[in-house]
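The values are calculated or read from the model by the stated rules, or taken from the named source; none is laboratory data. None of these values were measured; they are calculated from a predicted model. Cβ placement follows ideal geometry from the backbone for every residue including glycine, while neighbour counts extend to all protein chains displayed. We work out accessible area using only protein heavy atoms, side chains counted, and drop any ligands, DNA or RNA first. Shrake-Rupley method; radii C 1.70, N 1.55, O 1.52, S 1.80 Å.
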Amino acid sequence: QVQLVESGGGLVQAGGSLRLSCAASGSIFSIATMGWYRQAPGKTRELVATITRGGTSNYSDSVKGRFTISRDTAKNTVFLHMISLKPEDTAVYYCYAEVLEAMGLAPMRSHWGQGTQVTVSS
């Protein structure tokens, strides 16, 4: 019932910029953490950045200083502003959210978007 839809991926040259967006919809009471992960060919999925409901962010060392995560909590939306992109940033980027679907003792559930391709050419 919870759906995460990413947008903003595409092809960009090294040194360029992209802004990814992810909007969550459906049975959402609140969202704790939202974030971005990525998976390159032949690699496992890895953390890019996360942000809590209170605005505390966390970044992978490989993207610190280049990527910025932000969120619009009221709109259940998270963004990833990427600058100074490198070929090694090429991957499918997945949106992630820890969702409380009802108040009270309802469990927190993890949800993933379908992924959006980011390709950085050299």
**OP:** Say whether the condition of being in a loop (DSSP other than H, G, I, E, B), surrounded by 12 or more Cβ atoms within 10 Å (Cβ to Cβ), modelled with pLDDT of 95 or more and touching a Pro at 6+ places or on another chain (Cβ under 7 Å) is met by at least one residue in segment 8-18.
**Re:** yes
Original post:
If we only count strands (runs of 3 or more DSSP E) wholly inside segment 29-77, which ones have 3 or more residues that are surrounded by 15 or more Cβ atoms within 10 Å (Cβ to Cβ) and touching a residue at least 40 places away in the same chain (Cβ under 8 Å)?
Top reply: 30-39
Subject >> Selected residue (criterion: nearest to MET108 (Cα to Cα)) from residues of segment 19-28 that are in contact with a Cys (Cβ under 9 Å, 6 or more places away or on another chain) and either part of a loop (DSSP other than H, G, I, E, B) or open to solvent by less than 30 Å² (accessible area, probe 1.4 Å) (or both) >> reply: ALA24
Original post:
From the set of residues in segment 93-122 that are outside any strand (DSSP E or B) and at pLDDT 95 or above, which is surrounded by the most Cβ atoms within 10 Å (Cβ to Cβ)?
Top reply: GLY113
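Here is a check on your reading of the model: is THR33 touching a Gly at 6+ places or on another chain (Cβ under 6 Å) and under 15 Å from VAL99 (Cα atoms)?
Judged against the criteria, THR33 is not a match.
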